[in-house]
Amino acid sequence: MSLAVIDAREWQNRFDLETGQPRKSDTPGVEMAAGVLSRHPYPGDVDEQANQWVTDTALDLISHYDPDLVCLSYVQQFFSDRHFKHPETERERLFAAAMAEANRFVDLSGFTPVIVGTGDMIPLAGDMDLSGLDGLAVSSNWSARYCGIHGPSPRDMDFLNSLDTLERIVPKQEWIDLFQAAQPDLEILQDPRLMPDFLAVAREGQAFKTMGTTLRKPVHIPANNFQVPVVTPLGIINDLREIKPLIREHLSTHKIALILVEGVGESFFPESRRLVQNGVDWFCYEPGDAFYLTLSTGRHQPFAYPAGFRFFDKDADAVKFPFSGYMDMILGHTLALNFPGKSIAVGNRSMFMHMAFGVDISIECFARNLFNQGCMAVVHRDDK
Amino acid sequence: MKCQFCERTCDLTKGRSFCGMYMEENGRVKERFPDQWCTYTPSRIESVPFYHAYPGARSMIIGTAGCNFRCRYCSNGFIACKDPADLQEVMYTLPADRLVAMAKKMGCHNIVFNVNEPAVSLPSLERVKYYARKEEIPMGCLTNGYTTESATRLMMEIFSFVHIGLKGFSNAFYHEFVGIPDMAPILRNIRMFAQTCHVEIASPVIEDVNDHELFDIARFIHDIRPDIPWHVFRLLPEHHMKESLYPNIDRMDQALETSRKLLPYIYFHNFVGSRWVNTLCPDCGHTVIKRFSLGCSGDRLDEFLAPGNTCPECGTPIPILGTRVAWNEKQSVSWEAVS
């Protein structure tokens with residue numbers, strides 16, 4: 001049973017991760033993780049020191065746990081660029097600083113890196129207000145390109161078809177078929193009845209304004225990054241899904257760090273970078289759960305938490321993992337789940353790391369909508 | 001021509017109101033941005049946080065823009081403290097009937113106004129009430145309580161459950177941290193609301209600033225009715241207080257100790273993992289409602305153990321508006337069903 005240590009600054013509490021019930025545990029692994037947490041208070045999602053926090057926390061954890069596999073996410077530049085208008089020179093400095101921080105980790109840790117960017121950010125050109133539909137439009141805080149359309153009326157379809165800013169409207173089955181063809185053992189992990197009847201897809205630079213989108217209007221959103229940059233000395237890959245097998249293949253001979261830098265495109269990567277496929281046909285993964293889970297499992301995961309699904313019609317009374325945001329299941333096939341060596345994750349993409357990678361111990365910030373609540377360590381196992 | 005919605009009573013002949021939401025037109029107070037909402041999202045009622053109203057319910061959270069306060073620590077400063085005119089591009093235009101239909105479409109049991117101050121949008125909310133009442137959807141709100149008596153009475157007609165911020169217990173605090181000269185209208189309005197509405201009260205605690213006023217607040221609540229739930233929020237340093245220290249949780253817990261002798265329903269939270277969010281029977285101490293605390297606007301019901309709103313151990317009544325509501329009691333419905 002996994003244990004969560006919550007650190008709300010100068011105060012900690014311990015819980016069963018799945019049930020959320022308070023739980024006492026003082027195993028060496030839990031005590032160690034709690035100690036690391038208390039030494040590294042989180043500066044905040046858009047604070048200049050937020051990425052340094054990732055490196056410093058990871059190095060501290062490594063010095064105590066000696067893992068063979070490390071998964072990191074650096075996200076400060078993504079949050080900052082998404083929400084605040086910076087001069088172009090400042091934007092470039094932010095992205096370059098994120099890469100520099102990732103490289104600082106590599107230099108100090110000696111781990112062999114696999115650095116993955118989620119691709120460029122571009123200015124928000126406009127948004128489509130779908131609140132007036134007869135049916136229901138559902139998007140999410142972190143998605144710009146996709147919006148679920150539930151139960152549209154004929155008038156709604158006429159309206160949607162008249163929007164120049166909409167790239168396409170895809171029936172549910174067509175969306176499923178697209179991925180089924182690319183991934184025959186595709187898993188749809190949510191109740192299909194909660195999936196949208198149609199997926200509305202915005203043109204590049206456009207976003208949706210619907211139930212579920214943020215009160216903080218984004219300044220920049222992800223470009224249509226059908227390919228994303230990857231740099232690693234471990235080998236050549238062509239698809240996001242190939243990263244997992246590449247890492248697993250080399251873990252017997254290398255200590256490896258999988259490092260995500262969100263919002264960063266190829267121009268900030270070294271010349272040895274490769275561009276790898278990120279999605280299928282017209283569907284590219286945005287920075288978020290589907291990207292993380294596809295990367296970690298080596299399988300397409302657009303339907304773990306499908307874009308535009310009616311999340312609010314899930315049975316909230318039965319929900320598990322109350323400290324894991326909207327993620328409510330631990331997938332099989334994740335990168336570190338059955339790895340016999342030691343593994344850790346550290347990141348400032350809140351509440352993703354412990355659910356996405358299957359590592360033994362993870363530490364991540366606990367921030368919601370940029371509000372800094374503290375940090376959380378999750379100890380899935382400490383028996384290695 | 002003075003605005004009569006809040007105690008600032010702004011002179012509208014000189015321009016718009018302090019909150020930026022009202023103007024004068026033909027000798028009448030007029031909303032500048034009627035039917036403009038910044039959000040319409042289903043959320044748990046505990047996240048508002050209402051702990052003693054319709055436990056487990058699915059609320060449709062709404063808000064507009066603007067506020068009559070300027071709290072230095074405002075968590076929603078990016079909506080509440082900006083010029084509403086500058087925010088209109090992020091707003092949704094939803095006339096009252098469509099807003100209520102949206103609540104039905106999303107399977108919501110009630111509608112709660114909680115992003116900014118409802119007093120800045122009372123005419124729009126009055127229209128929402130008209131349609132909500134037809135659909136038997138109750139309405140609630142968070143308010144800072146700085147309304148005129150007439151506006152308070154109007155709010156008492158619109159809202160059946162009200163969460164009032166009592167941010168300190170001195171005019172000095174309100175003057176320095178909120179920007180108003182006199183807190184007396186707030187105390188008056190809490191007493192008024194408590195006559196007909198379900199009331200919960202929230203107080204942010206800022207270490208070494210207003211923690212010494214906690215017992216005064218508790219005594220005030222006790223004198224109205226001891227069973228009013230009181231939420232003590234650990235300050236989340238935001239807005240103009242971003243550089244402030246987070247209050248120490250253990251010290252703030254100790255500071256509440258004497259107040260607990262006066263009030264049986266004190267909740268200390270607004271931080272993830274709080275262990276002071278459960279409801280205990282005031283007579284036998286049995287846990288009757290268990291909750292998770294995820295920090296600001298993230299709390300949720302875990303277990304409701306008070307069938308019939310009474311303690312299962314000793315039968316003591318627990319003050320709750322309505323009854324336990326299953327989240328999926330109403331599923332979202334198609335547009336044909338609401339049109």
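The values are calculated or read from the model by the stated rules, or taken from the named source; none is laboratory data. Keep in mind that what you see is a predicted model, and the values were worked out from it rather than measured. No Cβ is skipped: glycine too gets one built from the backbone with ideal geometry, and neighbour counts run over all protein chains shown.
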For the stretch B:281-291, how many residues meet the condition of being crowded, with 22+ Cβ neighbours inside 10 Å, more than 19 Å from the chain's Cα centre (by Cα) and closer than 25 Å to A:Val5 by Cα?
-> 1
For residues that are in contact with a Ser or Thr (Cβ under 6 Å, 6 or more places away or on another chain) and more than 14 Å from every other protein chain (Cβ to nearest Cβ), tally how many sit in the stretch B:281-298.
-> 3
Go over the candidates A:Pro154, A:Pro196 one by one and state the one that is within 14 Å of another protein chain (Cβ to nearest Cβ) and touching a helix residue (DSSP H, G or I) at 6+ places or on another chain (Cβ under 7 Å).
-> A:Pro196
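Any residue at all in the stretch A:259-266 that is in contact (Cβ under 8 Å) with a residue 60 or more places away in the chain, farther than 20 Å from A:Arg349 by Cα and of a type in the set (Val, Ile, Thr)?
No.
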Flagged pairs (Cβ under 8 angstrom, 6 or more apart or on separate chains; first in the stretch B:118-144, of a type in the set (D, E, K, R); second assigned to a loop (DSSP other than H, G, I, E, B)) are B:Arg127/B:Asp35; B:Arg127/B:Pro95
Okay, strands (runs of 3 or more DSSP E) sitting entirely in the stretch B:1-82 with 1 or more residues that are within 14 Å of another protein chain (Cβ to nearest Cβ), I get B:39-44, B:58-63
Does A:Asp134 count as within 14 Å of chain B (Cβ to nearest Cβ) and over 30 Å from A:Gln77 (Cβ atoms)?
-> yes
Within the stretch B:102-146, residues acidic (Asp, Glu) and either within 14 Å of another protein chain (Cβ to nearest Cβ) or part of a helix (DSSP H, G or I) (or both) come out as B:Glu126
Are any residues in the stretch A:329-384 surrounded by fewer than 18 Cβ atoms within 10 Å (Cβ to Cβ) and away from chain B (no Cβ under 14 Å), and if so, which ones?
-> A:Met329, A:Gly332, A:His333, A:Leu337, A:Asn338, A:Pro340, A:Gly341, A:Arg381, A:Asp383, A:Lys384
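Could you check, for the stretch B:171-185, whether at least one of its residues is touching a strand residue (DSSP E or B) at 6+ places or on another chain (Cβ under 7 Å) and closer than 18 Å to B:Leu122 by Cβ?
no
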Output yes when any residue across the stretch A:347-357 is at pLDDT below 95, farther than 27 Å from A:Trp175 by Cβ and small (Gly, Ala, Ser), and no when none is.
-> yes
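Name the residues in the stretch A:274-326 that are charged (D, E, K, R) and either within 12 Å of the chain's Cα centre (by Cα) or not in a loop (DSSP other than H, G, I, E, B) (or both), would you?
A:Arg274, A:Glu286, A:Asp289, A:Asp313, A:Asp317
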Which of the following residues is touching an Asp or Glu at 6+ places or on another chain (Cβ under 8 Å), aliphatic (A, V, I, L, M) and more than 23 Å from B:Asn278 (Cα to Cα): B:Met252, B:Met183, B:Met192, B:Met241?
-> B:Met192
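Results for (1) farther than 28 Å from B:Pro307 by Cβ; (2) outside any loop (DSSP other than H, G, I, E, B); (3) among the aromatic types (Phe, Trp, Tyr), shown as yes or no for each residue.
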| site | (1), (2), (3) |
| --- | --- |
| B:Pro237 | yes, no, no |
| B:Glu243 | yes, no, no |
| B:Tyr246 | yes, no, yes |
| B:Arg251 | yes, yes, no |
| B:Thr258 | yes, yes, no |
| B:Leu263 | no, no, no |
| B:Phe268 | no, yes, yes |
| B:Asp283 | no, no, no |
Looking at the stretch B:319-329, is at least one residue facing chain A (nearest Cβ under 10 Å), under 30 Å from A:Tyr42 (Cβ atoms), among the polar types (S, T, N, Q) and outside any helix (DSSP H, G or I)?
-> no
Specify the residue that is nearest to B:Met139 (Cα to Cα); the eligible residues are those in the stretch B:88-100 that are at the interface with chain A (Cβ under 9 Å from one of its Cβ atoms) and in a helix (DSSP H, G or I).
-> B:Arg98
What number of residues in the stretch A:8-32 are touching a Ser or Thr at 6+ places or on another chain (Cβ under 9 Å), within 19 Å of A:Met355 (Cβ to Cβ) and either in contact (Cβ under 8 Å) with a residue 40 or more places away in the chain or more than 14 Å from chain B (Cβ to nearest Cβ) (or both)?
-> 2
Which numbered condition trips up B:Ala172, out of (1) surrounded by 24 or more Cβ atoms within 10 Å (Cβ to Cβ); (2) more than 25 Å from B:Val100 (Cα to Cα)?
-> (1)
When the residues of the stretch A:240-273 are filtered to those that are of a type in the set (Asp, Glu) and part of a loop (DSSP other than H, G, I, E, B), which remaining residue is surrounded by the fewest Cβ atoms within 10 Å (Cβ to Cβ)?
-> A:Glu271
Limited to the stretch B:240-280, what total is found for residues that are polar (S, T, N, Q), within 14 Å of chain A (Cβ to nearest Cβ), touching a residue at least 60 places away in the same chain (Cβ under 8 Å) and surrounded by 19 or more Cβ atoms within 10 Å (Cβ to Cβ)?
-> 1
Name the pairs: first residue in the stretch A:309-323 and over 15 Å from B:Ser59 (Cα atoms), second residue in a loop (DSSP other than H, G, I, E, B) and among the acidic types (Asp, Glu), Cβ to Cβ under 8 Å, at least 6 apart or on different chains?
-> A:Val319/A:Asp328; A:Lys320/A:Glu18; A:Lys320/A:Asp328; A:Phe321/A:Glu18; A:Phe321/A:Asp328
